[in-house]
Amino acid sequence: MKSGFVNIFGKPNAGKSTLLNALMGEKLAIVSPKVQTTRHRIKGILNDRNYQIIFSDTPGIIQPKYKLHEKMMEAVKSSLEDADVALLIVDIKDDLTEADQTFSSLSLKVPAILVLNKTDLVNRETIDKAVDFFSGKSYCKKIIEISALKNKGISELLDAIISLLPEGEPFYEDDNLSDLPMKFFVGELIREKIFYLYQDEIPYHATVLVQEFKEKHTLTKITADIILQRETQKGIILGEGGKMIKQLGTLARKEIEEFIGRKVFLELFVKVRPRWRDNEIYLREYGY
Ligand SMILES: Nc1nc2c(ncn2[C@@H]2O[C@H](COP(=O)(O)OP(=O)(O)OP(=O)(O)O)[C@@H](O)[C@H]2O)c(=O)[nH]1
Ligand SMILES: [Mg+2]
């Protein structure tokens with residue numbers, strides 16, 4: 001039996017959350033075209049007769065500007081500490097030298113697989129150049145080309161991970177998919193729709209707190225607060241005549257229904273908490 005922690009690191013938008021979902025065959029982490037979507041460490045537990053892999057998606061590595069950013073980088077740090085294998089993922093269209101600097105700065109003590117992602121967007125020559133670039137790097141045990149979006153190269157990556165995984169007994173019961181509560185995933189799905197529907201600073205100034213998750217006879221009743229930094233942002237979230245928040249509610253409800261496999265009644269409230277991203281008490285209350 002093999003078991004261990006396999007943690008995913010990379011710059012914002014590299015495709016870490018898409019990769020976690022592809023490896024799990026299940027949508028556990030939210031994804032968006034915007035940077036800094038993920039704010040927590042999100043574990044996905046993959047069980048097989050011969051192994052248990054505990055994957056961790058992490059926030060993209062950045063220089064912190066707010067307390068919220070600091071919390072995000074603490075999630076990266078904790079993942080660095082308990083990793084048995086590191087997956088270093090790079091968007092092949094990104095600046096490779098910058099990615100190399102980021103990976104070197106991690107001072108990894110465990111074997112790492114360099115994952116070249118988004119190969120569906122470039123030609124063979126570009127991929128070969130990237131392979132050449134990373135081959136000599138000290139942190140790089142193996143290089144695997146993938147497209148997390150198109151599910152290409154995922155089984156090759158899984159084989160490479162298993163070959164590096166230590167022997168050991170499972171850490172978790174084998175019927176668990178994650179260690180996080182349902183309320184967390186519901187809040188994340190609402191946050192994902194905020195990332196899709198709203199522009200500029202709105203997704204970055206917003207967080208979601210699920211207040212109520214109640215299983216009723218025929219449906220699940222969910223109440224959630226959308227927390228914003230400024231009074232003026234309330235109007236943007238609501239939209240003309242409440243048009244935008246209605247759309248947000250519908251999109252989020254559909255995804256939550258798919259996730260929990262039940263009908264959902266979703267109620268959203270909008271609240272303003274000035275500078276919550278820099279406030280230790282608010283951050284703790286909102287799960288950061
Ligand atoms: N074309 C293409 N797009 C991809 C691929 N993998 C991810 N993406 C897209 O890249 C964007 C970012 O993906 P995420 O998985 O959210 O990236 P992330 O690294 O988790 O980003 P943060 O959480 O912000 O650090 C999304 O629009 C994805 O659909 C891929 O293999 N090919
Ligand atoms: Mg992410």
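The values are calculated or read from the model by the stated rules, or taken from the named source; none is laboratory data. Nothing here was measured: the structure is a model prediction, and the numbers come from that model. So basically every Cβ, Gly included, is an ideal-geometry build from the backbone, and we count neighbours across all protein chains shown. These accessible areas exclude ligands, DNA and RNA; they are computed on the full protein's heavy atoms, side chains included. Shrake-Rupley method; radii C 1.70, N 1.55, O 1.52, S 1.80 Å.
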DSSP beta bridges in the chain [antiparallel fraction, %, rounded to 5]: 35
Computed [θ] at 222 nm, deg cm²/dmol, the chain (DSSP H ≥ 4; -39,500 (n - 2.57); rounded to nearest 500): -11500 deg cm²/dmol
Quotient of C-alpha Rg and 2.2 N^0.38 Å, computed over the range 167-274: 1.22
Pair residue 96, residue 177: separation of 7 Å Cα→Cβ label points (nm): 3.7
Accessible-area ranking of 174, 179, largest first, probe 1.4 Å: 174, 179
The range 1-132: Rg to Rh, with Rh as the Kirkwood radius over Cα pairs: 0.96
Simple Cβ-charge dipole of the chain, Lys/Arg +1 and Asp/Glu -1, about Cα centre, in debye nearest 20: 980
Neighbour cut-off at most 14 other Cβ (10 Å), DSSP loop, trypsin sites (Lys or Arg not before Pro), the range 1-70: 34, 49, 65
Dipole of the range 1-62, positive direction: furthest Cα of 19, 7, 38, with charges on the beta-carbon: 38
For the chain, with +1 on Lys and Arg beta carbons and -1 on Asp and Glu, the positive-most of 248, 51, 130 along the dipole: 248
For the range 161-229 and the range 250-288, distance of Cα centres in Å: 9
Exposure ranking of 207, 126 by accessible area [1.4 Å probe, largest first]: 126, 207
For residue 31, solvent-accessible area (1.4 Å; no DNA, RNA or ligand), Å²: 40
Net length gained if the chain between residue 74 and residue 124 were fully extended (0.36 nm per residue, minus Cα distance): 14.3 nm
Size of electric dipole in the range 170-269: Cβ of Lys, Arg +1 and of Asp, Glu -1, about Cα centre, debye, nearest 20: 560
Among beta bridges that DSSP assigns inside the range 80-171, antiparallel share in %, nearest 5: 10
Mean separation of Cα contacts under 8 Å (6+ apart) over length of the range 107-172, as relative contact order %: 36
For the chain, built as a Gaussian network whose Cα springs stay under 10 Å, the top-fluctuating residue of 13, 50, 21: 50
Per residue solvent-accessible surface (Å²) - the chain, probe of 1.4 Å: 48
Antiparallel bridges, percent of DSSP beta bridges restricted to the range 7-133 (to nearest 5): 35
Whole-percent carbon and sulfur share, accessible surface of the chain, 1.4 Å: 49
Accessible surface of residue 223 - all protein chains present, 1.4 Å probe, nearest 10 Å²: 20
Residue order for 139, 282 - accessible surface, 1.4 angstrom probe, largest first: 282, 139
Exposure of residue 3 as accessible area (Å², to 10), given a probe of 1.4 Å and all protein chains: 10
Assigned charges on the beta-carbon of Lys, Arg, Asp, Glu; the range 33-149 dipole about Cα centre (debye): 380
Simple label model, 7 Å out from Cα along Cβ direction - residue 231 to residue 132, nm: 6.0
Of 182, 104, 226, farthest towards positive along the dipole that unit charges on Lys, Arg, Asp, Glu beta carbons give the range 102-238: 226
